[in-house]
Amino acid sequence: MAKSVLAYARRYAGGGWTVLPLHSMDEDGKCTCGEGDCSPAKHPLTVSGLKDGSADLEQIDRWWAQWPYANVGIVTGIISGLVVLDVDPRHGGVESLNRLEEKIGNLPTTVKALTGSGGFHIFFQHPGGTVRNAVGMAGYLGLDIRGDGGYVVAAPSIHQTGGEYKWLVPPFVTELAPYPPEIAALTTNTDSSRIATLQEEGQIYSGERNQ
């Protein structure tokens, strides 16, 4: 990678965020895990996945010395003080975000990233307690919540399509906005069948693991 993922990982950890190394794509366009049934370039390299997440700089240095090709993930939830709204354009996320803002007003200015697939990660302060992960919250398809027990792929990781994750509103420069109570209410009221049991090998929609 042209940009030093290690440098980014160290910066995130220095700001108090927990990180972990993720698989990436190899020169043949395949996930470095070597498996065909995975979430390519998104799932953890470590044995215990999210449980191995760390903000210890020496541990982070050891990881990228062992896996210099690794993408980087940020563990969400109270451990990092983060809740992330994941806007997935493949499932109508941009349209759903427009509908959501028509209902609750424009989201506050906060840290924001462009994902490798052309979507967005919108970062908020964790409100305390437990924030559950959710997929397609309350009928807003393509709007997912990454809270406790979740993670997001972060810049400058490379998506399986070759797209780069980039900061649009960078962290530690812009203050994180509080988690909007309107979104929290929607997540709380989300039908239990839509709550994601997010697997550590990749936070995926039911029936889409092969895709």
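The values are calculated or read from the model by the stated rules, or taken from the named source; none is laboratory data. The structure displayed is predicted, hence computed values, not measured ones. All Cβ positions, even for glycine, are placed from backbone atoms using ideal geometry, and neighbour counts span all protein chains on display. Heavy atoms of the whole protein, side chains included, go into the accessibility calculation; ligands, DNA and RNA do not. Shrake-Rupley method; radii C 1.70, N 1.55, O 1.52, S 1.80 Å.
Among the residues of segment 111-149, what is the count of those that are under 12 Å from Pro89 (Cα atoms) and charged (D, E, K, R)?
Qualifying residue count for the region: 1.
Output the number of residues of segment 123-147 satisfying the condition of being part of a loop (DSSP other than H, G, I, E, B) and open to solvent by 40 Å² or more (accessible area, probe 1.4 Å). Give the derivation first.
First, pick out the residues of segment 123-147 that are part of a loop (DSSP other than H, G, I, E, B): 126-133, 135-136, 140-142, 147.
Right, trim to open to solvent by 40 Å² or more (accessible area, probe 1.4 Å) and you get 127, 129-130, 132, 141.
Of the residues in segment 123-147, 5 are part of a loop (DSSP other than H, G, I, E, B) and open to solvent by 40 Å² or more (accessible area, probe 1.4 Å).
Let me spell it out: the conditions are (1) surrounded by fewer than 19 Cβ atoms within 10 Å (Cβ to Cβ); (2) touching a Pro at 6+ places or on another chain (Cβ under 6 Å), and Leu20 meets all of them except one. Which number is the exception?
(1)
State whether the residues of segment 3-14 include one that is open to solvent by 30 Å² or more (accessible area, probe 1.4 Å), at pLDDT below 95, outside any helix (DSSP H, G or I) and under 23 Å from Ser80 (Cα atoms). I'd like the intermediate steps shown before the answer.
Within segment 3-14, the first condition is being open to solvent by 30 Å² or more (accessible area, probe 1.4 Å), and the residues that meet it are 3-4, 6-8, 10-11, 14.
Next, from what is left, pick out any that are at pLDDT below 95: 3-4.
Still in the running and outside any helix (DSSP H, G or I): 3-4.
Then drop every residue that is not under 23 Å from Ser80 (Cα atoms), which leaves 4.
The answer is yes, given that some residue of segment 3-14 is open to solvent by 30 Å² or more (accessible area, probe 1.4 Å), at pLDDT below 95, outside any helix (DSSP H, G or I) and under 23 Å from Ser80 (Cα atoms).
Among the numbered criteria (1) part of a loop (DSSP other than H, G, I, E, B); (2) within 23 Å of Ile122 (Cα to Cα); (3) not small (Gly, Ala, Ser), which single criterion is violated by Val94?
Answer for Val94: the failing condition is (1).
Keeping to segment 164-192, report how many residues are at pLDDT below 95, part of a loop (DSSP other than H, G, I, E, B) and open to solvent by less than 70 Å² (accessible area, probe 1.4 Å).
1
Just to be sure I understand the filter: pairs with C-beta atoms under 6 Å, separated by 6 or more residues or on different chains, first member in segment 145-167 and within 22 Å of Asp37 (Cα to Cα) and hydroxyl-bearing (Ser, Thr, Tyr), second member in a loop (DSSP other than H, G, I, E, B) and open to solvent by 10 Å² or more (accessible area, probe 1.4 Å). Which pairs pass?
That search, which allows pairs on different chains as well, returns Ser157/Tyr165.
How many residues, within segment 39-74, are in contact (Cβ under 8 Å) with a residue 60 or more places away in the chain, hydrophobic (A, V, I, L, M, F, W, C) and open to solvent by less than 10 Å² (accessible area, probe 1.4 Å)?
Qualifying residue count for the region: 4.
Only residues that are open to solvent by 10 Å² or more (accessible area, probe 1.4 Å), over 16 Å from Lys42 (Cβ atoms) and in a loop (DSSP other than H, G, I, E, B): list them for segment 99-122, please.
Correct list: Gly105, Asn106, Leu107, Pro108, Thr109.
List pairs: first in segment 97-113 and over 24 Å from Pro170 (Cβ atoms), second exposed (fewer than 15 other Cβ atoms within 10 Å of the Cβ) and modelled with pLDDT under 95, Cβ under 6 Å, 6+ apart or cross-chain?
Listed pairs, sorted by first residue: Ile104/Glu182.
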